[in-house]
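Quick notes on the structure that follows.
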Amino acid sequence: MLRPILIHPDPRLKKPASPVVDLSDELRVLASDMLETMYDAPGIGLAAPQVGVLDRLIVLDCEKEEGATPRPLAMFNPEVIATSDETSVYEEGCLSIPDIYAEVTRPAEVEVAWMDADGRAHQEVFTGLWATCVQHEIDHLAGKLFIDYLKPLKRQMITRKMVKLKRERAREKA
Ligand code: K1U
Ligand code: ZN
């Protein structure tokens, strides 16, 4: 089932998410819905707060090249456990901030620990777009958006644009 994606500004996008303590079927359905919603958008990642659920769950698949084998990942309680000193710059986007892109500098490599939908523990080093995306998604779980890395004036301009967009969308619906 597709879930509606919240658009910034929304208080649910600014709140920290809670750790998952009990891997229920409801959460497995949420992970599956989030992957469907992410592919449909289309996007390469999605965090539970973006669909209004304040649990530590993210999904991602950064195999976006034509013909690449999909690699859908659902991560419960993901944590960055190590970062490289080397950084990389990527022009990021966000499904909660449509049609806005800006360069963000982050560690080029990160080691992430998480639990899968069956409760199995995983640890992996991510590089390239995977590293950028997993950090962007884990930021969502702390109520942090990629525009929080930008200068205040730029952030303010983007927020005003999004307020306008939300107003227009609400008017179209009515
Ligand atoms: O968190 C999100 O809102 C998803 C976001 C993830 C992301 C993108 C770029 C850098 C870091 C994190 C997106 O997926 S935005 C859409 C996007 O980047 C994309 C869409 C279609 C094909 C390829 C990329
Ligand atoms: Zn995002």
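The values are calculated or read from the model by the stated rules, or taken from the named source; none is laboratory data. These numbers come from a predicted model, not from an experiment. Ideal geometry is used to build each Cβ from the backbone, glycine not excepted, and the neighbour counts take in all protein chains shown. Surface areas here come from the heavy atoms of the whole protein model, side chains and all, with no ligands, DNA or RNA. Shrake-Rupley method; radii C 1.70, N 1.55, O 1.52, S 1.80 Å.
Worth pointing out:
- Leading residue by the ranking (surrounded by the most Cβ atoms within 10 Å (Cβ to Cβ)) among those in the stretch 50-78 that are away from ligand 1 (no atom under 13 Å from the Cβ) and closer than 30 Å to GLU168 by Cβ: VAL53
- Matching residues in the stretch 147-170 - criterion: being over 16 Å from the mean Cα position of the chain (by Cα) and within 15 Å of ligand 2 (Cβ to nearest atom): LEU150, ARG155, ILE158, THR159, MET162
- Here is the figure for the stretch 1-29: residues that are assigned to a helix (DSSP H, G or I), among the hydrophobic types (A, V, I, L, M, F, W, C) and more than 30 Å from LYS161 (Cα to Cα) total 2.
- Condition check for SER96: away from ligand 2 (no atom under 16 Å from the Cβ), small (Gly, Ala, Ser) and open to solvent by less than 80 Å² (accessible area, probe 1.4 Å): no
- Residues of the stretch 1-44 satisfying the condition of being charged (D, E, K, R) and either touching a Cys at 6+ places or on another chain (Cβ under 8 Å) or farther than 25 Å from LEU129 by Cβ (or both): ASP10, ARG12, LYS14, LYS15, ASP22, ASP25, GLU26, ARG28
- Options ALA142, ALA121, ALA113; residue that is more than 11 Å from ligand 1 (Cβ to nearest atom) and under 15 Å from the mean Cα position of the chain (by Cα): ALA142
- Options LYS173, LYS144; residue that is within 30 Å of GLU26 (Cα to Cα), basic (Lys, Arg), without any contact (Cβ under 8 Å) to a residue 12 or more places away in the chain and within 16 Å of ligand 2 (Cβ to nearest atom): LYS144
- Among the residues listed as LEU46, LEU73, LEU60, the single one being more than 15 Å from ARG3 (Cα to Cα) and within 14 Å of ligand 2 (Cβ to nearest atom): LEU60
- Here is the figure for the stretch 111-145: residues that are of a type in the set (A, V, I, L, M), more than 25 Å from ARG12 (Cβ to Cβ) and assigned to a strand (DSSP E or B) total 3.
- Looking only at residues in the stretch 79-93 that are farther than 24 Å from GLN50 by Cα and open to solvent by 90 Å² or more (accessible area, probe 1.4 Å), the one that is farthest from ligand 2 (Cβ to nearest atom) is ASP85.
- Residue in the stretch 107-130 that is among the small types (Gly, Ala, Ser), closer than 30 Å to LEU165 by Cβ and open to solvent by less than 70 Å² (accessible area, probe 1.4 Å) present: no
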